[in-house]
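Asker: Have a look at the structure that comes next, please.
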């Protein structure tokens, strides 16, 4: 089983947000429907914002917590769902929403697993806080989709 520092796991989550933002940009370029392109543009900007929020969160965590090592199974850190997602030029808004909700669920699962594998209370609290933040983001995304009539 691999051992990593908390900061490495947080960096991996930030990379996931950046890759997801790039993914939405690629989808935007290939989307045929204007409403879907607008939503994808919003999603790309939103992922950049989440990456920045996570960076700010990381700056506020103590060095002792960031340097803490913990052990976890390799399945917990895959976060490879973006590359496995199929891009279809005829994606509609519903498809975009489904993809966004899927990726949010992946991050929620990731944070939950990391909290479960933490060996110290402080590290567990970091991932529990990120879990709460991501669950909140998922709710906000749902509200946004309802407001723009995407679902």
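The values are calculated or read from the model by the stated rules, or taken from the named source; none is laboratory data. All figures in this text were calculated on a predicted structure; none of them were measured in a lab. Glycine also receives a Cβ, built like all others from the backbone with ideal geometry; neighbour counts cover every protein chain displayed.
Asker: Name the residues in region 9-22 that are surrounded by fewer than 23 Cβ atoms within 10 Å (Cβ to Cβ) and either outside any helix (DSSP H, G or I) or more than 12 Å from the chain's Cα centre (by Cα) (or both), would you?
Answerer: Passing the criteria: only 22.
Asker: Which numbered condition trips up residue 97, out of (1) more than 22 Å from residue 131 (Cβ to Cβ); (2) at pLDDT below 85; (3) surrounded by 18 or more Cβ atoms within 10 Å (Cβ to Cβ)?
Answerer: Looking at each condition in turn, residue 97 falls short on (1).
Asker: If residue 116 satisfies every condition in (1) touching a strand residue (DSSP E or B) at 6+ places or on another chain (Cβ under 8 Å); (2) exposed (fewer than 15 other Cβ atoms within 10 Å of the Cβ) but one, which is the exception?
Answerer: Every condition holds for residue 116 apart from (1).
Asker: Right, here's the next one. When you check residue 79 against the structure, is it surrounded by 14 or more Cβ atoms within 10 Å (Cβ to Cβ), out of contact with any strand residue (DSSP E or B) (no Cβ under 9 Å at 6 or more places or on another chain), within 21 Å of residue 16 (Cα to Cα) and modelled with pLDDT under 75, yes or no?
Answerer: Criteria met by residue 79.
Asker: State which residue is modelled with the lowest pLDDT when the search covers only region 116-147 and only residues that are touching a helix residue (DSSP H, G or I) at 6+ places or on another chain (Cβ under 7 Å) and farther than 21 Å from residue 60 by Cβ.
Answerer: Once the filter is applied, the top-ranked residue is 145.
Asker: Please give the number of the condition residue 6 fails out of (1) under 18 Å from residue 131 (Cα atoms); (2) at pLDDT 85 or above; (3) surrounded by fewer than 18 Cβ atoms within 10 Å (Cβ to Cβ).
Answerer: (3)
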